[in-house]
Amino acid sequence: MAISVMKRYELKYLMDEGQADALRKELEKHMRIDEYGRTSIASLYYDTPDARLIRTALEKPAYKEKIRLRSYGLATEESPVFLELKRKYDGVVYKRRITSTIPDIRRFFEGKDIEGDNAQIQKELKYFRDYYGSLSPSCLIIYDRTAYFEPDGDLRLTIDHKPRYRINDLTLTKSLDGIPLLKEGWSILEVKVQGAMPLWLSSVLSEERIYKSSFSKYGEAYRLELEKKMENTLEFTVPALFGVA
């Protein structure tokens, strides 16, 4: 059964190709790749018309939240997708999700009730939707993930390759293409644990100079698009200020 409720610490790191190779060699001694191997994941983020959710998150408050629709691989109208409510408070991540289909999710954001086998999560999702009012697809984040697990512990670790995004064709059913979020060869490491990080992992991160980052895929996509808009504005306004035709 898919996990519907999660509570854990999530630590993020940015790695170049050499650092990632060194880490993978160490991981082979302590962890196992999960049954799915490398999986393409697509997450469709919903936001208000004024991007309230991502703008608030970028201010790095003690508490922040977001809602997204996730698929593993390219989705169809009938395939299972996961509507996730993700909250972070004081460094701890709380994730609630239900399994659904794209047509049902579409109806949910139009104001209809959503079906599921967990009444509490359904209630939380409905409250979130009604509280923020007008929520619609804002950004699609895609990446190729390799997930590792600790056979006899609660440690989970993921490496996200080729993270990319798009703000057009905001659907999980069209393609897994997008604009790169990082330089070629770079990837994102996420360490997910309920307790303390094991010493062997702390040691390899230190030795390879893999440093913790507050990197957010949706946040970086928002920042890149904001930069584009500013450049376009300057392109047309600066010449006019200097009297250039």
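The values are calculated or read from the model by the stated rules, or taken from the named source; none is laboratory data. Just so we're clear, the structure is a prediction, and the values are computed from it rather than from any experiment. All Cβ positions, even for glycine, are placed from backbone atoms using ideal geometry, and neighbour counts span all protein chains on display.
Considering only residues of region 214-229 that are among the small types (Gly, Ala, Ser) and assigned to a loop (DSSP other than H, G, I, E, B), which is modelled with the lowest pLDDT?
Here the answer is SER214.
Within region 120-159, the set of residues being among the polar types (S, T, N, Q) and either assigned to a helix (DSSP H, G or I) or within 18 Å of the chain's Cα centre (by Cα) (or both) comprises GLN120, GLN122, SER136, SER138, THR146, THR158. Considering region 106-119 alone, what residues qualify as being touching a helix residue (DSSP H, G or I) at 6+ places or on another chain (Cβ under 9 Å), over 22 Å from ALA75 (Cα atoms) and part of a helix (DSSP H, G or I)? Hits for region 106-119: nothing passes. If you go through region 178-209 and pick out every residue that is aliphatic (A, V, I, L, M), loosely packed, with under 14 Cβ neighbours inside 10 Å and over 24 Å from the mean Cα position of the chain (by Cα), you end up with 1.
With respect to the numbered conditions (1) in a loop (DSSP other than H, G, I, E, B); (2) on the phi > 0 side of the Ramachandran plot; (3) of a type outside the set (S, T, N, Q); (4) surrounded by 15 or more Cβ atoms within 10 Å (Cβ to Cβ), which one is the sole condition not fulfilled by LYS162? Just one mismatch for LYS162, condition (1). Tell me, please, whether a residue that is more than 21 Å from the chain's Cα centre (by Cα), surrounded by 13 or more Cβ atoms within 10 Å (Cβ to Cβ) and assigned to a helix (DSSP H, G or I) can be found in region 93-105. Checked against the condition, which is being more than 21 Å from the chain's Cα centre (by Cα), surrounded by 13 or more Cβ atoms within 10 Å (Cβ to Cβ) and assigned to a helix (DSSP H, G or I), region 93-105 yields at least one hit. Would you be able to say whether some residue in region 29-39 is part of a strand (DSSP E or B), more than 18 Å from GLU184 (Cα to Cα) and of a type in the set (S, T, N, Q)? Yes, because at least one residue in region 29-39 is part of a strand (DSSP E or B), more than 18 Å from GLU184 (Cα to Cα) and of a type in the set (S, T, N, Q). The set of residues from region 48-64 being surrounded by 11 or more Cβ atoms within 10 Å (Cβ to Cβ), charged (D, E, K, R) and farther than 18 Å from LYS95 by Cβ comprises ARG52, ARG55.
Scan region 106-128 residue by residue and report those that are under 28 Å from GLY178 (Cβ atoms) and either without any contact (Cβ under 8 Å) to a residue 40 or more places away in the chain or loosely packed, with under 12 Cβ neighbours inside 10 Å (or both). Across region 106-128, the qualifying residues are ARG106, ARG107, PHE108, GLU110, ILE114.
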